[in-house]
Amino acid sequence: MAAKVETKIKSSAYRSSRLSVAPMMDWTDRHCRYLHRLLSAQTLLYTEMVTAPALVRGGALHLLKHNPQEHPVALQLGGSDPDELAKAARLGAEAGYDEINLNCGCPSDRVQSGTFGAVLMREPTRVADCVRAMQEAVDVEVTVKCRIGVDEQEPHAVLPAFLEQISAAGCQRVTIHARKAWLQGLSPKENRDIPPLDYALVHRMKAAFPALHISINGGITSLAQAQEQLEAGLDGVMIGRAAYHQPTDILAAADAQIFGTGRIVDPTEVVQEMLPYVEAHLTEGGRLHQITRHMLGLFAGRPGARHWRRILSEGAVRDQAGPEVILQALDAIMSMPQVEQAV
Ligand SMILES: Cc1cc2nc3c(=O)[nH]c(=O)nc-3n(C[C@H](O)[C@H](O)[C@H](O)COP(=O)(O)O)c2cc1C
């Protein structure tokens, strides 16, 4: 066990978890992750949640497909049955994922009905059993993403008890979305905004569990805010919506500013680097907009951003649309007088 723990701690996913892009269903697919990787070589990337039953029954194996350039990349699983999760984790590790993460934070109805996600905050013993089974099944790190509680739960009491149990089961790294999930009456979208954030509680958890690697998530919208969280003692920061909508703001300077290696990346270079990837996808029968929909925010807040979005979103859905749409949108950006901006 000790040797296994040591291997896990040295993993690339562990080193990269100072900054991560959150798992986001329908958003962080492999095309999105490829784009994000071009913006930051270091930041840890997460897949969308894949449910363990779907993987184990074989229907969702295509969701494990990813590009070798995406590493370090973590697979997020949804589930609540230890055996099933162990099997799914093994499939993920065999497919090459650097980390397997268990979703204990997602509030959607579909997920509640299957007893996965945030409802598991009520069942720490079951979560610990799941973590233990997954750990035994794979050599890569097994991590958990959770909320601070659900519904009427008292986070000050339930969160430490939850962390205690998963740590005892061998989980050494956790990401805490610093708000409750209200399982009755709120949509998943509302559950990302309405329950109030409690960053102080997450910081107290770091003080109470100094050996546990804790990343904070929820409402962080700039690299400067991420840096503040790290300077205040947390081990990692996970960013979701801001990383998706303004990927350049969050990721282009991440290697230099958060990891202390590498340069600030120019988004126009990233567009050029996407072209061979796009060509390969089209050759395989894919559609342009499946990739370009993730690129709409690349120039957010910069001169020409509106033209970029419009040309890309209108052009990419046309029949036979190809890389020329991207080049046309890039021309619109390049022809704008660029003001000096800090990324
Ligand atoms: C479109 C969308 C889909 C999401 N899907 C997942 C998911 O599959 N698994 C998960 O753990 N969280 C999911 N989340 C929640 C995010 O991972 C993150 O916890 C949340 O957005 C708060 O972080 P943020 O304020 O930085 O966006 C999703 C969020 C969004 C916006």
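The values are calculated or read from the model by the stated rules, or taken from the named source; none is laboratory data. Computed from a predicted structure; not experimentally measured. We place every Cβ from the backbone using ideal geometry, glycine too, and count neighbours over all the protein chains shown. Just the protein is used for accessible areas: all its heavy atoms, side chains included, with ligands, DNA and RNA removed. Shrake-Rupley method; radii C 1.70, N 1.55, O 1.52, S 1.80 Å.
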Worksheet item: Which ones in segment 23-66 are surrounded by fewer than 24 Cβ atoms within 10 Å (Cβ to Cβ), assigned to a loop (DSSP other than H, G, I, E, B) and within 12 Å of the ligand (Cβ to nearest atom)?
Response: 24, 25, 26, 27, 29
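Matching residues to (1) open to solvent by 70 Å² or more (accessible area, probe 1.4 Å); (2) aromatic (Phe, Trp, Tyr); (3) in the same structural domain as residue 172 (by TED's automatic domain parsing):
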{"residue": "239", "(1), (2), (3)": "no, no, yes"}
{"residue": "253", "(1), (2), (3)": "no, no, yes"}
{"residue": "284", "(1), (2), (3)": "yes, no, no"}
{"residue": "300", "(1), (2), (3)": "no, no, no"}
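Scan segment 147-192 for residues that are within 17 Å of residue 208 (Cβ to Cβ) and within 21 Å of the chain's Cα centre (by Cα) and jot them down.
Matches in segment 147-192: 148, 149, 163, 166, 171, 172, 173, 174, 175, 176, 178.
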Practice prompt. Could you tell me which of the residues 105, 149 is out of contact with any Ser or Thr (no Cβ under 9 Å at 6 or more places or on another chain) and either hydroxyl-bearing (Ser, Thr, Tyr) or in the same structural domain as residue 11 (by TED's automatic domain parsing) (or both)?
Written response: 149
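Which one of 90, 147, 122 is open to solvent by 50 Å² or more (accessible area, probe 1.4 Å), farther than 26 Å from residue 34 by Cβ and in contact (Cβ under 8 Å) with a residue 24 or more places away in the chain? If you could, list the steps in order and put the result at the bottom.
Working: 90 fails: farther than 26 Å from residue 34 by Cβ; 147 fails: open to solvent by 50 Å² or more (accessible area, probe 1.4 Å).
Criteria check complete, one pass: 122.
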Discussion item. Tell me yes or no: at least one residue of segment 213-227 is more than 12 Å from the ligand (Cβ to nearest atom) and surrounded by fewer than 14 Cβ atoms within 10 Å (Cβ to Cβ).
Written reply: yes
Discussion item. Checking the structure you have, find out if any residue of segment 81-99 is within 14 Å of the ligand (Cβ to nearest atom), aliphatic (A, V, I, L, M) and either under 17 Å from the mean Cα position of the chain (by Cα) or in the same structural domain as residue 222 (by TED's automatic domain parsing) (or both).
Written reply: no
Discussion item. Quick check on residue 248: is it in the same structural domain as residue 31 (by TED's automatic domain parsing), in contact with a helix residue (DSSP H, G or I) (Cβ under 9 Å, 6 or more places away or on another chain), in a loop (DSSP other than H, G, I, E, B) and not charged (D, E, K, R)?
Written reply: no
